[in-house]
Amino acid sequence: MSFSRVHVAVAALLVAGATALAGPAQAADGHRALSRFDDGSFETPKAPANAFTPLTAGQGIGPWAVTAGSVDLIGVGFWQAAEGDQSLDLNGSGSGTVAQSFTTVPGTTYSVSYALAGNPGGGPALRTGRALIDGQNFQDFSFDVTGRTRNAMGYVGRQFTFVAQGASTTLSFTSTVAGAYGPVIDNVQVQECKPCCG
Ligand SMILES: [Ca+2]
């Protein structure tokens, strides 16, 4: 009987010890786990085929949030996507902004790349916008839709780098053109630079 009790007590101590060992390892990380950058291709949720879902500030697009104005999530078949089926018009009824926060390692350099085009349906030829990191402007972009169609969007690649300041970084894309025809983005990728990138 007494042996059995000791045995149970030792087992309990071992479990407690294992928990204590696991605890400091997690705490030493210094921050709670945040999500990784995700769905830069705007594939979720699904917008209706051959149409689009209008979204306004306060609404989400999977891991993205619409943080200002309005945008349109473009469904499969409405126009060419750069990757997958869907893409994002940064203008809904007017200019809009989307943002996503994700885990970063402070002091580490990251590369952001994305595909850029413009809504060819109307409006001024030049579609302009900005990519921001933690609210700071990191890249102005523009796209001329002259000669472009829904079946020939003419996506171009854009890229920039940033050094993470904190354990979480917020990437935003905002339109700086008025009206309902905005810059179109797709295939946003964030990658840690090892050891450097261009
Ligand atoms: Ca896509």
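The values are calculated or read from the model by the stated rules, or taken from the named source; none is laboratory data. Owing to the predicted nature of the structure, the values given are computational and were not obtained by experimental measurement. Ideal geometry is used to build each Cβ from the backbone, glycine not excepted, and the neighbour counts take in all protein chains shown. Just the protein is used for accessible areas: all its heavy atoms, side chains included, with ligands, DNA and RNA removed. Shrake-Rupley method; radii C 1.70, N 1.55, O 1.52, S 1.80 Å.
Since residue 176 meets every condition but one in (1) open to solvent by 60 Å² or more (accessible area, probe 1.4 Å); (2) of a type in the set (S, T, N, Q); (3) within 16 Å of the ligand (Cβ to nearest atom), which condition does it not meet?
Residue 176 satisfies all of (1) open to solvent by 60 Å² or more (accessible area, probe 1.4 Å); (2) of a type in the set (S, T, N, Q); (3) within 16 Å of the ligand (Cβ to nearest atom) except (3).
Please indicate, with yes or no, whether at least one residue in the range 77-86 is without any contact (Cβ under 8 Å) to a residue 40 or more places away in the chain, within 16 Å of the ligand (Cβ to nearest atom) and assigned by TED's automatic domain parsing to the domain that holds residue 147.
Of the range 77-86, the ones without any contact (Cβ under 8 Å) to a residue 40 or more places away in the chain are 77.
Still in the running and within 16 Å of the ligand (Cβ to nearest atom): 77.
Narrowing the set further to residues that are assigned by TED's automatic domain parsing to the domain that holds residue 147 leaves 77.
Taking every residue of the range 77-86 in turn, at least one turns out to be without any contact (Cβ under 8 Å) to a residue 40 or more places away in the chain, within 16 Å of the ligand (Cβ to nearest atom) and assigned by TED's automatic domain parsing to the domain that holds residue 147.
In this structure, does residue 161 turn out to be under 14 Å from residue 127 (Cβ atoms), out of contact with any Pro (no Cβ under 6 Å at 6 or more places or on another chain), away from the ligand (no atom under 16 Å from the Cβ) and open to solvent by 30 Å² or more (accessible area, probe 1.4 Å)?
No: the conditions fail for residue 161.
Hand me the list of strands (runs of 3 or more DSSP E) wholly inside the range 89-198 holding 3 or more residues that are in contact (Cβ under 8 Å) with a residue 12 or more places away in the chain and of a type in the set (A, V, I, L, M, F, W, C).
Result: 96-103, 109-118, 126-133, 136-144, 156-163, 183-192.
What's the number of the condition residue 70 fails, among (1) open to solvent by less than 50 Å² (accessible area, probe 1.4 Å); (2) within 16 Å of the ligand (Cβ to nearest atom); (3) of a type outside the set (Asp, Glu)?
Unmet for residue 70, out of (1) open to solvent by less than 50 Å² (accessible area, probe 1.4 Å); (2) within 16 Å of the ligand (Cβ to nearest atom); (3) of a type outside the set (Asp, Glu): (2).
Which one of 104, 108 is closer than 22 Å to residue 61 by Cα and open to solvent by less than 30 Å² (accessible area, probe 1.4 Å)?
The unique qualifying residue is 104.
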